[in-house]
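Every number here is computed from the coordinates shown, using simple stated rules; none is lab data. Everything quoted here is computed from the prediction, not taken from an experiment. As a convention, Cβ positions derive from the backbone with ideal geometry for all residues, glycine included, and neighbour counts pool all protein chains shown.
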Amino acid sequence: MARMFEYFVVCGLGPEMRTVDGNKGYHGMRVFYLSSLLDQYPPDNHSLYPPAPPQLPTCVLPAGVELYPSGFDANDSSTFPRSYPIVLTEGDGSKIYVSCVAFRDPVSEDIAEAYRIPANSFADKCICLVSRSPSFGVLRNALEELFKLCFSPAGSSKPLWDVISHMISNVPLPTPGKDRILFSIENCLLSVEAPPKDGLPHVDISFQPLVQCLDADNLLKLFTAVLLERRVLLRSNKYSLLTVASEAICHLIYPFRWQHVYIPLLFFSGVDYIDAPYTIYDGSSFSC
């Protein structure tokens, strides 16, 4: 059975602490560190499922892991959890869709002691749902429900990993043109469906952010650049906006397809792609 959700993944600060520049150990709060895969379902040694994409930890926290002296603060919006999608492209051109929720989590005592990190420090952590279906809304809603179960005072009526494993293992990938599939996460009912194959491509994103951020002149310039297969770089400090705008452009050029390198949310170790001599589509939150 093809599954709607391929993986649930947790990424963050791993036991082998290195900066994004490759320097080992702790170098202060204003430095970014490499992200590691901390946990996943199905486990990586499961014989029935292929391994998760190796680039996933790097891509879901594009800037790397930052450390903080404090955690969530209801009066400081910069400490709030962030929800955003990313799209990965494999060597054969197929896409992997990932919904992410990044948040501040206490640094484990073992890591803090091993690297002499100040007590009560926090670090970026990210939970993710991975799918082959471009159902951005369903992925986001399902992941946010799981996030609520993680941190809700009431918690879950079942062990959280049981809820996750049941969802991953039992929600099938919808058949195009067939009835929608219903599934629940605790008391939240969700549904997913796929349009008929002979119709327009499935679109589960809003075009509104794209047209709000670009005036008509710049939107036409971007549209023309994509049609002419020029090198394209979008800049924004909002991760979610980069992916949504990039996917919107890809849908606007239908029935044509962007067939070159496509990285709607550029990760720190891929910054050199910006200077590549070939056609590429990048979305970056870094200063270039």
Which of the lysines could a cross-linker span from residue 125 if the Cα-Cα distance has to be under 29 Å and same-chain partners fewer than 8 positions apart are dropped? 24, 95, 148, 158, 238
Report the one residue of 118, 133, 62 whose Cα lies farthest in the direction of the positive end of the charge dipole of the range 1-156 (charges on C-beta: Lys and Arg +1, Asp and Glu -1; origin at the Cα centre). 133
Shape metrics for the range 7-192, restricted to C-alpha atoms - Rg then Dmax, Å: 17.4, 56
In this structure, the FRET efficiency calculated for residue 257 and residue 221 from their beta-carbon separation, with R0 = 25 Å, to the nearest 0.05, is 0.80
Based on DSSP H runs of at least 4 residues, each adding -39500 (n - 2.57), what is the mean residue ellipticity at 222 nm of the chain after dividing by all its residues, to the nearest 500 deg cm²/dmol? -7500 deg cm²/dmol
Show me the ranking of peptides 171-182, 98-109 by mean Cβ neighbours inside 10 Å, starting with the highest. 98-109, 171-182
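Sorted by mean Cβ packing within 10 Å, highest first, what order do the peptides 243-256, 225-238 take?
Sorting 243-256, 225-238 by mean packing, highest first, produces 243-256, 225-238.
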